[in-house]
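Read the structure below first, then the notes.
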Amino acid sequence: MVNYLFPLVVLLVLTTLDFAEAQSRRNDPQDALRRRQIERKAQHSPYWDGFVLKHQGNCTQALEKLEPLAKRGFGFEDAQTALGECHLTLAGLPAEGGTAPPREEMLATPNYTQGLDWLTKAALAGHFGAQGVLVSLYAAGLGPTTDDIDAAEWAHLYLTNPQRLSLGAPVLVAFAIEELEKSMDRNLWLQGKERARNWAPVYDHPSANPNANPNTKLNDQTGAPNKNK
């Protein structure tokens, strides 16, 4: 009779050794670290690179990551807003609480005009974050236009923004809105409110040339809300 017991015992021993070795590798801290790094790399999305760089205060490199996303147009308003904010930072716009340079001086800075352009694109599409930035800029005398009605309209659009309300996001620019309302004639404030009631979003289209620079010229169409009357 052929004895199958010995080969079976050997196989069990080898399997046990292989399992023990594998278990040892799994318990090795360096091996675990390598596994986590591989998993993290597999889960990483390049989409967030620009946002991370902006958060780290590295707007110069963030522009390179954010601009290709922003140029895709509709659906990429987060990137457009972040790109616009980075341009404003590079233009020398001070942090909250600082003293802003005169409007004419800022308008002479390419980064500033590009920042306004990208923020306006996102705001016109209904992005409440971009709308809030524009409200703050108007309150500081640095908005895309000098029209009080435009400023009032953006303030009301931000306050009534459906996405902001559905998310329950707080009014982060309450002080700016209060300052705007106090600084202008009541009739102008109400005209802006009425204009906001008749407003409709305008969505940006992808850039025909992905390597083209964003338009840096401001006009009534890009510098003020859409007046759909």
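A few remarks follow.
- In the range 129-149, the residue that is surrounded by the fewest Cβ atoms within 10 Å (Cβ to Cβ) out of those that are assigned to a loop (DSSP other than H, G, I, E, B) and of a type in the set (A, V, I, L, M) is ALA140.
- Flag if LEU88 is among the aliphatic types (A, V, I, L, M), farther than 16 Å from VAL133 by Cβ and either assigned to a loop (DSSP other than H, G, I, E, B) or touching a Phe, Trp or Tyr at 6+ places or on another chain (Cβ under 8 Å) (or both): no
- Residue within the range 74-94 that is surrounded by fewer than 21 Cβ atoms within 10 Å (Cβ to Cβ), among the acidic types (Asp, Glu) and out of contact with any Gly (no Cβ under 9 Å at 6 or more places or on another chain) present: no
- One residue stands out among those in the range 95-123 that are of a type in the set (Val, Ile, Thr) and either modelled with pLDDT of 95 or more or crowded, with 24+ Cβ neighbours inside 10 Å (or both): the one that is nearest to PRO201 (Cα to Cα), which is THR120.
- Yes/no for GLY126 being outside any helix (DSSP H, G or I), of a type outside the set (Asp, Glu), surrounded by fewer than 22 Cβ atoms within 10 Å (Cβ to Cβ) and in contact (Cβ under 8 Å) with a residue 60 or more places away in the chain: yes
- Some residue of the range 145-168 being closer than 12 Å to THR81 by Cβ, out of contact with any Ser or Thr (no Cβ under 8 Å at 6 or more places or on another chain) and not small (Gly, Ala, Ser): no
The values are calculated or read from the model by the stated rules, or taken from the named source; none is laboratory data. This one's a predicted model, so the numbers in the text were calculated from it and none came from an experiment. All Cβ positions, even for glycine, are placed from backbone atoms using ideal geometry, and neighbour counts span all protein chains on display.
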